[in-house]
Amino acid sequence: MTATDHRTGTSPEELVARLRAHARSYHSLHPFHLRMNQGTLTPDQIRGWVANRFAYQEAIPLKDAAILANCPDVAVRRRWIRRITDHDGTAADGPQSGGIEAWLRLGQACGLSREEILDRRHVQPGVRFAVDAYVTFARTRPWVEAVASSLTELFAPDLMAERLAAFERYYTWIDGDGLQYFRNRLVQAPRDSEHALEVVTAHCHTIAEQDAAEAALSFKCDVLWAMMDAIDHAYT
Ligand code: AHQ
């Protein structure tokens, strides 16, 4: 494929199948997540994962704001903006609202203080670099490619359900209220990935466009995998 291969690509259905095939590279298959879902992680390993994943969670609104800034389509922006309030909450809903606050409550339920999560003292270099790469990707790549990179969420609901079951079964030292973040994602992720898939299939028709969308999703799988490698290295 040349960078400007304008020949018509595959059908939308075939493109979706190509994108869904990246499930085999999703971080649900990372050894650290496999051990998490088997119930064998120690409290320190769980706390390390929660504290490091916070760096990713607090970057999501910046990533989505970058996509909004580059997106000329009002109809897309009207729906995409919800991702920001899902994470930041709203002034109307109060200071405890939003996914970032819910993640902080997960951390407190695991025995971390808000302060040690917010000051990022536990965040590993590899996690910080992967998160920065994701935000930079959204800021600098064509907005449809940045939308495509969010399609790892196609694979998230199964992982959220498996993770919730594992936490409720094996990590009973964590108060169940702290797991609300994952319950919320069970609803938000399918809604988000459905929209992202609509955008990508509506905008990616040439071979070059479809290859770029697939490359964006592959990049994002590497972002998530690199984060897990850094966490696994630090806490195992
Ligand atoms: O909690 C997650 C989240 O808010 C998002 C936003 C989305 C994106 O825009 O890239 N991806 C994502 C993900 C979240 N949780 C991850 C997990 O394993 O808990 C999964 C991750 C994703 O699949 O990209």
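Every read-out reported here was derived from the displayed coordinates using simple, explicitly stated rules and does not represent laboratory data. Because the structure is a prediction, the values reported are computed rather than measured. Here the Cβ positions follow ideal geometry from the backbone for every residue, glycine too, while neighbour counts run over all protein chains shown.
The residues in the range 11-25 that are of a type in the set (S, T, N, Q) and in a helix (DSSP H, G or I) can be counted, and the count is 1. One residue alone among ALA92, ALA165 is of a type in the set (Gly, Ala, Ser) and either closer than 30 Å to ALA212 by Cβ or in a helix (DSSP H, G or I) (or both), and that residue is ALA165.
Residues in the range 26-53 that are surrounded by 17 or more Cβ atoms within 10 Å (Cβ to Cβ), touching a Cys at 6+ places or on another chain (Cβ under 8 Å) and not in a loop (DSSP other than H, G, I, E, B): HIS27, ILE46, ARG47, VAL50. Pairs meeting the criteria (first residue in the range 91-107 and farther than 14 Å from ALA51 by Cβ, second residue among the β-branched types (Val, Ile, Thr), beta carbons under 9 Å, at least 6 apart or on different chains) are ASP93/THR85; SER97/THR85; SER97/THR90; GLY98/THR85; GLY98/THR90; GLY99/ILE60.
Across the range 182-204, the qualifying residues are those that are within 8 Å of the ligand (Cβ to nearest atom) and charged (D, E, K, R), and the one among them that is nearest to GLU214 (Cα to Cα) is ASP192.
Remark: pairs (first residue in the range 21-43, within 27 Å of ALA213 (Cα to Cα); second residue within 11 Å of the ligand (Cβ to nearest atom) and assigned to a loop (DSSP other than H, G, I, E, B); Cβ separation under 6 Å; 6+ apart in sequence or on different chains) = ALA23/PHE155; TYR26/PHE155.
For (1) surrounded by fewer than 21 Cβ atoms within 10 Å (Cβ to Cβ); (2) not acidic (Asp, Glu), each residue gets a yes or a no:
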position	(1), (2)
GLN96	yes, yes
GLU115	yes, no
ASP119	yes, no
GLY126	yes, yes
THR136	yes, yes
PRO142	yes, yes
LEU154	no, yes
ARG183	yes, yes
VAL187	yes, yes
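Looking only at residues in the range 149-176 that are touching a His at 6+ places or on another chain (Cβ under 9 Å) and among the aliphatic types (A, V, I, L, M), which one is nearest to the ligand (Cβ to nearest atom)? It comes out as LEU159.
Considering ARG78, ARG105, the condition of being under 23 Å from HIS203 (Cα atoms) and assigned to a helix (DSSP H, G or I) is satisfied by ARG78 alone. Inside the range 54-75, residues that are in a helix (DSSP H, G or I) and over 13 Å from the mean Cα position of the chain (by Cα) make up a count of 8.
Filter the range 72-92 down to residues that are surrounded by fewer than 18 Cβ atoms within 10 Å (Cβ to Cβ) and among the charged types (D, E, K, R) and give me whichever is nearest to VAL187 (Cα to Cα). Full working, then the answer.
First, pick out the residues of the range 72-92 that are surrounded by fewer than 18 Cβ atoms within 10 Å (Cβ to Cβ): 72-75, 77-79, 81-82, 85, 90-92.
Remaining after also requiring among the charged types (D, E, K, R): 73, 77-79, 82.
Working: ASP73: 25, ARG77: 20, ARG78: 19, ARG79: 15, ARG82: 13 Å.
Residue satisfying both the conditions and the ranking: ARG82.
Among the residues making up the range 200-211, a single one is buried (at least 23 other Cβ atoms within 10 Å of the Cβ) and among the aliphatic types (A, V, I, L, M): VAL200.
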